[in-house]
Amino acid sequence: MQNDEQLRENLIEMLEDLNSRLSKITHDVTHVDGPVSQDFAEQAVENENNEVLDALGEATRTDIAKIKQALLRMDKGEYGVCQACGESIGNERLAVIPFSSLCVKCATLVEGC
Ligand SMILES: [Zn+2]
């Protein structure tokens with residue numbers, strides 16, 4: 001089993017990865033927003049790209065928020081505890097999703113799968 005320091009380091013590493021990914025995505029969107037292309041087909045592709053990048057940016061922001069919350073929970077000594085039912089999330093699930101805030105049971109209920 002990993003100790004808390006190792007876990008915290010992993011989470012911070014993930015957070016830094018996501019932050020650099022997000023700034024790259026934001027940069028790309030800003031770049032594409034620059035000089036408008038004359039060609040309609042090209043413009044359509046650019047708009048589509050922006051939509052994809054927006055969705056990516058949104059997903060990345062969500063993950064960043066989740067990791068930040070996980071670090072906060074770690075500070076409060078609540079890491080690994082399900083935020084919905086208070087049960088232990090379980091090491092197996094935390095190994096796959098280190099920033100998970102719900103146990104398998106509650107996550108299934110929320111995600112509906
Ligand atoms: Zn739960």
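Nothing in this text is a laboratory measurement; each read-out follows from the coordinates by a stated rule. The structure presented is a predicted model; accordingly, all values stated were derived computationally and were not measured. Here Cβ is always computed from backbone atoms with ideal geometry, including for glycine, and neighbour counts include all displayed protein chains.
Under 5 Å between amide hydrogens, built in the peptide plane, is the criterion, and for residue 89 it picks out 81, 82 among residues at least 5 positions away or on other chains.
Between residue 108 and residue 4, the simple spin-label model (points 7 angstrom out along Cα→Cβ) gives 3.1 nm.
Residue by residue, region 78-93 carries 3J(HN,Hα) couplings of 10, 5, x, 9, 4, 6, 9, 10, x, 7, 5, 6, x, 5, 4, 5 Hz when phi is fed to the Karplus relation 6.51 cos²θ - 1.76 cosθ + 1.60 (θ = phi - 60°); x denotes Gly or Pro. Short-range pairs are left out: with C-alpha atoms under 8 Å and at least six residues apart, the relative contact order of region 1-79 is 43 percent.
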